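Here the structure is laid out as structure tokens; the discussion comes afterwards.
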Amino acid sequence: MTSPPAPRDATSTAAALAMGWLHTARFLTTAPKLEFLPALEVPEIAFVGRSNAGKSTCINTLTQQKRLAFASKTPGRTQSINLFSLGKQGQTDAVLADLPGYGYAAVPKADKLRWQQVMANYLVTRENLRAVVLLVDPRQGVTELDDILLEVIRPRVEQGLKFLLLLTKADKLNRAEAAKALSIARLQAGGGEVKLFSALKKQGVEETALLLSHWAHGEEPPRGEPG
Ligand SMILES: Nc1nc2c(ncn2[C@@H]2O[C@H](COP(=O)(O)OP(=O)(O)OP(=O)(O)O)[C@@H](O)[C@H]2O)c(=O)[nH]1
Ligand SMILES: [Mg+2]
């Protein structure tokens, strides 16, 4: 006789469903320029942030796939907008967008400017954009380029675009540093969500999955949970 499975509360069941949903992620397309992105009806969740902040690693962790998005020690690894479909095969209900990072010093200035323009255009004009996840390494904090991005999306956030400030590589912080980083980030997030995240320690993964699932599926996010 095997013992029955341990009872799960509603939140952990919802988290398991959200993780299962993210696990369905598969490559959809890559676009070196905005005009090559297919117009889509389903909600899109964009991962943005400085080069090396951990965007691709975060997508791999959330989707529980080792090499879906290309992560690398070399900054500037992601050079195009990569889209991943979510939902059962043939029933895509959302997409994740992995965007190239900004702020990498070794990139020629012309390329930097070109990329900033692409990024700003994407954030302003992408019609099916439902949510933006801004990844920030809390040891650097919100930098000037992150601030520009926040300014660019502010009007859309006021119109209902969802926003999550994700403090990555949380495994590099001790408790006091993590608490401090959280409180500073909450001031900078302008009322958006803020969470600590570690791909290494799998911290914040289920909470982030839940939030993205709620946003993609048009439900209200759970409130009052420790971030
Ligand atoms: N310790 C630790 N390292 C991490 C974590 N997440 C990512 N990294 C490391 O950070 C580096 C950059 O990760 P990527 O996911 O490639 O970063 P990215 O933001 O996609 O970078 P670009 O594509 O250049 O914009 C890699 O060496 C990762 O292993 C984390 O949670 N903890
Ligand atoms: Mg990347």
Check your understanding: Where does helix 205-216 land angle-wise versus the long Cα axis of the chain, in degrees 0 to 90, nearest 10?
Key -> 70 degrees
Study note, to complete from the structure: Most exposed first, judged by fewest Cβ atoms within 10 angstrom, 126, 50, 186 run 186, 126, 50
Review point. With axes computed from alpha carbons, what is the tilt in degrees of helix 175-188 against the longest principal axis of the chain, rounded to the nearest 10 within 0 to 90?
Key: 60 degrees
Practice item. Using the Karplus curve 6.51 cos²θ - 1.76 cosθ + 1.60 with θ = phi - 60°, work out ³J(HN,Hα) for each residue of the range 22-39 in order, rounded to whole Hz, and write x for Gly and Pro. Key: 5, 5, 6, 4, 9, 4, 9, 6, 10, 9, x, 9, 4, 5, 8, 6, x, 6
Review point. Check residue 26: other-chain or 5+ apart residues with amide H under 5 Å from its amide H, H built from backbone geometry?
Key: 85
**Study point:** Filter on 66/88; 33/66; 33/172; 88/112 - keep pairs with C-alpha separation over 28 Å
**Key:** 33/172; 88/112
Review point. Where does each of 116-123, 166-173, 54-61 land if you order them by average Cβ count within 10 Å, highest first?
Key: 54-61, 166-173, 116-123
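Once you list every other residue whose beta carbon is under 13 Å from the beta carbon of residue 68, what net charge do they have if Lys and Arg are +1 and Asp and Glu are -1?
Working: positive: 26, 55, 66, 67; negative: 98.
So the environment of residue 68 carries a net charge of +3.
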Check your understanding: For the chain, what does -39500 (n - 2.57) per DSSP helix run (n ≥ 4), summed and divided by total residues, give at 222 nm, in deg cm²/dmol to the nearest 500?
Key -> -11500 deg cm²/dmol
Exercise for review: Note the angle between two axes, namely the Cα long axis of helix 144-158 and the longest principal axis of the Cα atoms of the chain, as a number of degrees from 0 to 90, rounded to the nearest 10.
Suggested key: 70 degrees
Check your understanding: Which of rounded, prolate, oblate describes the range 74-227, given a ≥ b ≥ c as roots of the alpha-carbon gyration tensor eigenvalues and a/c under 1.5 marking rounded, otherwise prolate only if a/b is larger than b/c?
Key -> rounded
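Arrange 84, 197, 70, 163 by Cβ neighbour counts within 10 Å, fewest through most, would you?
70, 163, 84, 197
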Check your understanding: By per-residue mean of other Cβ atoms within 10 Å, what is the highest-first order of 147-157, 92-102?
Key -> 92-102, 147-157
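Over the chain, what is the relative contact order in whole percent, taking alpha-carbon pairs under 8 Å and six or more residues apart?
22 percent
No lab work stands behind these numbers, since they all come straight from the coordinates. A quick note: this is a predicted structure, and the numbers were derived from the prediction, not measured. We place every Cβ from the backbone using ideal geometry, glycine too, and count neighbours over all the protein chains shown.
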